[in-house]
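The values are calculated or read from the model by the stated rules, or taken from the named source; none is laboratory data. Everything numeric here is computed off the predicted structure, so don't read it as measured data. Every residue, glycine among them, receives a Cβ derived from its backbone with ideal geometry; neighbour counts consider all protein chains shown. Ligands, DNA and RNA are stripped out before the accessible areas are found, and what is left, the full protein with its side chains, is counted by its heavy atoms. Shrake-Rupley method; radii C 1.70, N 1.55, O 1.52, S 1.80 Å.
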Amino acid sequence: MSTERRRVHPITPIVKVSTYLPALFLAVLITGGQALFSRPFGALGVLGLTIVVAVVALGYEYLSYQRLQFWFDDDGDLRVQSGVVFQQERRLQLSRLQTVDVNRPLVARVFGFAALRIEVAGAGDSRADLQYLTNADASALRSEILARSAGLDHTAGEAPEAPLLVVPAKDLFVSLMLRAVTVFLLLLTVLIVVGNVWASGWTGIFTVLLGGVPLLIVVTEFAQLYNFTVAQSPDGIRLRHGLIQTQARTIPPGRVCAVEFVEPLFWRRKGWVRLYVTVAGLSKSDDDSGTESVLLPVAPREVAEDLFRRVMPGAQPENVEMIRPIGSVKRRSPIQWRYLAAGADERIAVLQHGRITRRRQIVDHARVQSVRLSQGPWERALGLASVNLDIPPGRIRPQWQHFGLEQAHGLLAMQTERMRAARAADKSTRWMQN
Amino acid sequence: MASKVEVAFRPEGDTWQSLSPKLITVRRLILALFAVAVVVAGVVVALTVEPVWIGALIAVAGVLMLAIGWPWVGRRVKSWGYAERADDLVVGSGIWFRRLVIVPYGRLQLVDVKAGPIDRAFGLTSVQLHTAAATTDAAIPGLSPETAAALRDRLAARGEQRSAGL
């Protein structure tokens, strides 16, 4: 039995237009500013044109608000109808649910609103955005979706959650400072500022500030990952973070394809690691800053390992026997060869590479899509080959780099067999067969 | 050494299928057309621009392209192969950069059968496999339309039987 059709909050058009009003104003100023100022209209012209454009935008947003409807159909799946010019109705199969995010951009946050993003597994665009709902409605809908996807009673209300950890702002700040990339960006910023001041005097600083400086990348990352909170609830692991724009994401259990432990050089003395995660359906957006796939920005190793055991229950990477590449790898990778290693057990594959920044990837066999053996000319000359594990898109690109040809061939054969066994045993994804 | 590489990238015991030899013809044709265009451009430049050797260089580059590319195209097409095994499809390719992709039938989300205008004129079709991973790059170019359609149907049927979701 399908539920009645629901809409997002009626204030939505106003919130949406306010979100891009500053950009609109700037656009009018830049494109028509000079012409408008020189004419008799003056500054009023700029303001007037902005208002006209804003009113038109408001009208469009009102239409799209009217079109945006969502409901649960007879099968309990979420249907979303949207689009003014190109109308569409999307069905999100909740048995394939990957994540539910609650985002609060600055303007929406001021109004007390939140946007819901629902991701299901699938090729191409497989998400729905519901903008905007009141904070209370957003959490209620999120719990309803999670409960329905788990086959639980969806009227039970929000699942209780137990806070696991909060990353201290000081640790986050220090960790970002202790990265080679930050040092590089800092140097670049100094270079640009000095260069501009040299070229055009002190006014050059304003040009730099308007154009933005490379260091902003780090500042943005800090703001996005600020107050990173991890909590455990029956419907999954909850991640919350953000200074200006807050995000809350729920990863249901058993959806994690791979986890990566990253240890930059300067973090090692402090014993810190960062965790990245790949969940199918996530990170379809070209999210290069990578905050969308951060599972934990920085934490001591034990804390990170504890969180890892929660997202990939039953995996024991510490017990996996690792093999190392043959001797000729020294000539292929003179710096990182010492840290290259490969291993697997019935449940997971473990991949290690990097020397300055160490990376350790743990991949669930049951989520690997395909395997690939590859060999370039340099590798062939040294009798080496690499094996790639293809997993859904994200930051993690698992590759066993530069193993001896026979080793690589063995890894390939073993991986193919382990994947076959994992697919056969994996009941959680057998939704199509019942 | 070479034989070990051969075996690693063409596991024995599987029935390997190769591409249609017509693909060599098509690719050589495209190469030749391109090379001729470069040579013609070189001649035109030589006749109009001083010094003459700039144009001559371009024309020689066109000839070299054809001389090196002609045998290369043949080797490259012959290096492609695929085998349908019990649980997965294997596609191998490449000379300088060798690859062997193993795609389990249960992971297939989409099988594309495509043919461009030149391919169609010569009766060629290519098959592209898609899984939930964007990095799965398994394509089989240059099959006859009947082979491609039959392969697609077999893959789709096996994929349905063994579907494992994500």
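Values for this structure:
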item	result
Any hit, the range B:137-147, residues being within 17 Å of the chain's Cα centre (by Cα) and facing chain A (nearest Cβ under 8 Å)	yes
Candidate set: the range A:71-81, residues that are more than 25 Å from the chain's Cα centre (by Cα) and buried (at least 16 other Cβ atoms within 10 Å of the Cβ); chosen: the one modelled with the highest pLDDT	A:F72
Cβ pairs under 7 Å, 6+ apart, first in the range B:96-121 and within 14 Å of chain A (Cβ to nearest Cβ) and under 24 Å from A:P392 (Cβ atoms), second open to solvent by 30 Å² or more (accessible area, probe 1.4 Å) and among the hydrophobic types (A, V, I, L, M, F, W, C)	B:Q109/A:A123; B:L110/A:A123; B:V111/B:A156
Residue list for the range A:362-375, restricted to those being in contact (Cβ under 8 Å) with a residue 24 or more places away in the chain and within 14 Å of chain B (Cβ to nearest Cβ)	A:V363, A:D364, A:H365, A:A366, A:R367, A:V368, A:V371, A:L373, A:Q375
Set B:L151, B:L124: member being outside the structural domain of B:R27 (by TED's automatic domain parsing), touching a Lys or Arg at 6+ places or on another chain (Cβ under 9 Å), open to solvent by less than 60 Å² (accessible area, probe 1.4 Å) and hydrophobic (A, V, I, L, M, F, W, C)	B:L124
Whichever residue in the range B:11-28 is assigned to a loop (DSSP other than H, G, I, E, B), touching a residue at least 12 places away in the same chain (Cβ under 8 Å) and farther than 13 Å from B:S144 by Cα and, among such residues, is nearest to the chain's Cα centre (by Cα)	B:W16
Number of the exception - B:A67 against (1) within 15 Å of the chain's Cα centre (by Cα); (2) not in a loop (DSSP other than H, G, I, E, B)	(1)
Residue count for the range A:186-201, restricted to those that are farther than 18 Å from A:V219 by Cβ and open to solvent by 50 Å² or more (accessible area, probe 1.4 Å)	4
Strands (runs of 3 or more DSSP E) wholly inside the range A:354-407 containing at least 3 residues that are open to solvent by 30 Å² or more (accessible area, probe 1.4 Å)	A:358-364
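Results for (1) in contact with a Ser or Thr (Cβ under 9 Å, 6 or more places away or on another chain); (2) more than 27 Å from A:F308 (Cα to Cα); (3) at pLDDT below 85, shown as yes or no for each residue.
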{"residue": "A:R90", "(1), (2), (3)": "yes, yes, no"}
{"residue": "A:L116", "(1), (2), (3)": "no, no, no"}
{"residue": "A:G122", "(1), (2), (3)": "no, no, yes"}
{"residue": "A:A156", "(1), (2), (3)": "yes, yes, yes"}
{"residue": "A:P160", "(1), (2), (3)": "yes, no, yes"}
{"residue": "A:L164", "(1), (2), (3)": "yes, no, no"}
